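Since the structure comes first, as structure tokens, the remarks are kept for the end.
The values are calculated or read from the model by the stated rules, or taken from the named source; none is laboratory data. Bear in mind that the values here come from a model prediction, so they are computed numbers and not experimental data. Neighbour counts run over all protein chains shown; Cβ positions are idealised from the backbone, glycine included.
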Ligand SMILES: [Zn+2]
């Protein structure tokens, strides 16, 4: 019976610590060498698992295998040990005179140091210090962040000599840095040995498809597309599509993106969008991801034309166009005057993006404009943003900003009736109607680069046709939104 066998193996290993630490940590060395980190964690979890029901009966009554170490050695090749130790609950926590491994899980709080966290687990200062010193070889403790999980394991014995120690001897410390990376320090011959484990995840394609019944965001969420991916999707199309005016009920979207899954097939994080399309009133906009030979990743239409334009039409996400360019009765002043920009109604605090790369010319109060930012993009074009609640960090005169970078937040400063963004595009120093602007086009792929793009596009098209569409039941959410 494999289970019994494995269970005994573990107990044997635990016992060996007394006689020969070296040997025991050779075993652990092998385990780590194999990269079975998670498995180890499971092993150390043993005493906390209630194994009373599935514990084999013969474990209780069988002669203790420790009594006879030589025969034990003869029947257990090390490799098998390493492989079989991992998964099985083995030790009954109560009434067991043998040393047990007890594991404690702690979540890092804001302001914690590694020492603080370890001391909270019950580790003694000197042991914690030694473990931390080892950890420092693979991990900068200043990178410890609130929310990360730390696991410490202790060896406890019911025998009298360890009664003096409340929690027992610190055996290992493991910090899970993110879904992919963990670092650990494990007790070794002298002191602790550190390891870093990087899990790799299998990429998988996910295809989302649907009809837009309300907003793209809501419809795509309903189709199971993660929010983070939808935000990116909106940004991809924001050069071409005015999301408030051009999306109609019945329009459709399709998207192909990557997710990464762990060995159990659970999605752990989102990857890149490879393809996205919007069918708006019958017109198809299709964009493919492509990295040019200079390493720049962008999205291109099937003809190799970059989606990126010099200036964005809508520098805020999720806003409603509330007032157009042209003559209108001014809501505050009460008489007709030219409205030399367009207004987007949006909740106070909505981020405003730089419509294009450029240099901030001004980021300060400007009369009726209230808090105001103006960006110079090139010799011809500038954009201006008014009535801001506040400026984004680091945005001030002379600073360079990138397209899409957040420069401030929607507010109602200056002469304004409510939270909105007043947006202007200046051409040669004069305001023009942003909605009429013929946007200069972005990069166009040619020659070899275009040939490479066509190959890439063909393989994405194959993936599209082979990937079943996501349903509501098979959500691709990773929780990492
Ligand atoms: Zn306005």
- Query: Out of 399, 382, 389, which single residue is in the same structural domain as residue 347 (by TED's automatic domain parsing), within 19 Å of residue 347 (Cα to Cα) and in contact with a strand residue (DSSP E or B) (Cβ under 8 Å, 6 or more places away or on another chain)?
  - Reply: 389
- Item | Residues satisfying the stated conditions in the stretch 331-354, i.e. more than 16 Å from the ligand (Cβ to nearest atom), assigned to a loop (DSSP other than H, G, I, E, B) and crowded, with 19+ Cβ neighbours inside 10 Å | 354
- Message: Under 6 Å between Cβ atoms, which residue pairs at least 6 apart in sequence (or on different chains) link something in the stretch 326-347 that is modelled with pLDDT under 75 with a partner that is more than 9 Å from the ligand (Cβ to nearest atom) and part of a loop (DSSP other than H, G, I, E, B)?
- Response: 331/417; 332/415
- Message: Suppose we keep only residues that are touching a strand residue (DSSP E or B) at 6+ places or on another chain (Cβ under 7 Å) and exposed (fewer than 14 other Cβ atoms within 10 Å of the Cβ) within the stretch 428-466. Which one would you say is modelled with the highest pLDDT?
- Response: 444
- Query: Inside the stretch 355-404, can you point out the residues that are more than 16 Å from the ligand (Cβ to nearest atom), in a loop (DSSP other than H, G, I, E, B) and buried (at least 17 other Cβ atoms within 10 Å of the Cβ)?
  - Reply: 356, 377, 392, 395, 403
- Could you check residue 328 against (1) part of a loop (DSSP other than H, G, I, E, B); (2) within 15 Å of the ligand (Cβ to nearest atom) and say which number it fails? (1)
- Note on the structure: Okay, strands (runs of 3 or more DSSP E) sitting entirely in the stretch 266-323 with 2 or more residues that are within 28 Å of the chain's Cα centre (by Cα), I get 267-280, 283-291, 297-300
- For the stretch 425-445, which residues satisfy the criterion of being within 15 Å of the ligand (Cβ to nearest atom), part of a strand (DSSP E or B) and more than 15 Å from residue 360 (Cβ to Cβ)? 425, 431, 432
